[in-house]
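Structure record follows, encoded as structure tokens.
The values are calculated or read from the model by the stated rules, or taken from the named source; none is laboratory data. Just so it is clear, the structure is predicted and the values come from calculations on it, not from any experiment. FYI the Cβ positions are ideal-geometry reconstructions off the backbone, even for glycines, and counts take in every protein chain you see. The area values use the complete protein model at the heavy-atom level, side chains included, leaving out ligands, DNA and RNA. Shrake-Rupley method; radii C 1.70, N 1.55, O 1.52, S 1.80 Å.
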Amino acid sequence: MESTPPSPSREQILSASCGWVAVLLNVVPGVGTGYIYQRRWRAYWLTSAAAVVWFALGALQGADADPALMPDVVARNQLVGLAGFLVLALVTAVEAGLAVRRSRG
């Protein structure tokens, strides 16, 4: 009778993951995709929730802005929204890289 090998631990999965892939996946598609690669679900869902909150706040802020009457306000809101997602991507990328480094000792 064959027995199945034990599943790898979270630390084993994390240390076996390629750090630069996790960093790149968090930057390019953004919103914590590198966390899926690392199988870090809590970090992924927290990042996704932060992105949804940022998007909702931007939508609420821009709801009253008429592009025809206030093009500068609309453009500024778009830049703030993009900057927020870029900061989120960079923070998660750095954190994913540091997590791999910590797991390897």
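Observations, loosely collected:
- Solvent-accessible heavy-atom area per residue, rounded to whole Å², over segment 20-62 at 1.4 Å: 66 Å²
- Net charge of Cβ neighbours under 15 Å - reference Ala65; Lys, Arg +1; Asp, Glu -1: -2
- Accessible area of Arg39 (1.4 Å probe, protein heavy atoms only, ligands and nucleic acids ignored): about 140 Å².
- Segment 27-63 and segment 64-88 have Cα centres lying 19 Å from one another.
- Dipole in debye (nearest 20) - the chain, about Cα centre, beta carbon charges: Lys, Arg +1; Asp, Glu -1: 520 debye
- To put it simply, the accessible area of the chain at a 1.4 Å probe is 68 percent carbon and sulfur.
- Taking packing as the residue-averaged number of other Cβ atoms within 10 angstrom, the listed peptides 47-53, 88-94 run from highest to lowest as 88-94, 47-53.
- In Hz, Karplus ³J(HN,Hα) per residue of segment 39-44 (6.51, -1.76, 1.60; θ = phi - 60°; x = Gly, Pro): 6, 10, 6, 4, 5, 4
- Accessible area in the full protein assembly, largest first, 1.4 Å probe, for Glu2, Glu95, Glu11: Glu2, Glu11, Glu95
- Value at 222 nm in deg cm²/dmol, rounded to 500, when DSSP H runs of n ≥ 4 in the chain each add -39,500 (n - 2.57): -24000 deg cm²/dmol
- When Tyr35, Tyr44 are compared by accessible surface with a 1.4 Å probe, the order from highest to lowest is Tyr44, Tyr35.
- For segment 71-76, putting each phi into the Karplus relation 6.51 cos²θ - 1.76 cosθ + 1.60 with θ = phi - 60° gives couplings of x, 5, 5, 5, 5, 5 Hz, in residue order, rounded to whole numbers and with x for Gly and Pro.
- Remark: relative contact order (the chain) = 40 percent; criterion is Cα-Cα distance under 8 angstrom and separation of 6 or more residues.
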